[in-house]
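Enquirer: Take a look at the following structure, please.
The values are calculated or read from the model by the stated rules, or taken from the named source; none is laboratory data. Just so you know, these numbers come straight off a predicted model, no measurement behind them. Ideal geometry is used to build each Cβ from the backbone, glycine not excepted, and the neighbour counts take in all protein chains shown.
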Amino acid sequence: MADAGSWRPPRACETYRAEWKLCSSARHFLHHYYVYGERPACEQWLRDLASCRDWEERRSAQAQQSLCESERARIQAALKHPLVWTLRQKPPEDWHHPLPQEEKDE
């Protein structure tokens with residue numbers, strides 16, 4: 001990790017505040033409860049916001065470590081889920097032919 005003088009949080013503190021505000025909104029609560037059947041966990045965004053502000057005000061090493069661990073955990077959680085679609089290396093051979101539905105319409 002770089003020295004504390006040149007290190008910057010992975011996101012701006014305003015981003016953490018916006019994520020926390022979105023997470024704690026009524027609309028997000030209803031959507032998350034409908035999809036997952038449980039309340040959304042917004043505490044981590046609030047902790048990250050507090051750590052970011054602590055870093056900006058005091059250059060706290062503990063705040064820096066907390067933000068780094070949180071971002072690593074967030075990245076690992078996103079990588080845990082595989083892609084739904086397999087990515088193509090080239091287009092299909094007949095990509096330029098009309099679709100069957102288009103042939104019927106003409």
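Enquirer: Within segment 58-106, can you find the residues that are modelled with pLDDT of 85 or more, loosely packed, with under 10 Cβ neighbours inside 10 Å and either part of a helix (DSSP H, G or I) or aromatic (Phe, Trp, Tyr) (or both)? Please lay out each step first, then the result.
Expert: First, pick out the residues of segment 58-106 that are modelled with pLDDT of 85 or more: 58-80, 85-98.
Applying the additional criterion that residues be loosely packed, with under 10 Cβ neighbours inside 10 Å yields 76-80, 85-96.
Listed by number, the residues that qualify are GLN76, ALA77, ALA78, LEU79, TRP85, TRP95.
Enquirer: Next question. Restricting the first residue to segment 38-50 and requiring it to be touching a residue at least 24 places away in the same chain (Cβ under 8 Å), which pairs with a second residue that is part of a loop (DSSP other than H, G, I, E, B) and not polar (S, T, N, Q) meet a Cβ separation below 6 Å and a spacing of at least six or different chains?
Expert: none
Enquirer: Any chance you could count how many residues in segment 29-57 are in a helix (DSSP H, G or I) and either more than 18 Å from the chain's Cα centre (by Cα) or within 16 Å of THR15 (Cβ to Cβ) (or both)?
Expert: Within segment 29-57, the first condition is being in a helix (DSSP H, G or I), and the residues that meet it are 29-36, 43-57.
Subset that is either more than 18 Å from the chain's Cα centre (by Cα) or within 16 Å of THR15 (Cβ to Cβ) (or both): 30, 33-34, 44-57.
Residues meeting the conditions: 17.
Enquirer: Name the single residue, out of those in segment 1-28 being in a loop (DSSP other than H, G, I, E, B) and of a type in the set (Lys, Arg), that is modelled with the lowest pLDDT. I'd like the intermediate steps shown before the answer.
Expert: The first filter runs over segment 1-28 and keeps only residues in a loop (DSSP other than H, G, I, E, B), leaving 1-12, 24-25.
Next, only the ones that are of a type in the set (Lys, Arg) stay: 8, 11.
On the way: ARG8: 75, ARG11: 86.
Here the answer is ARG8.
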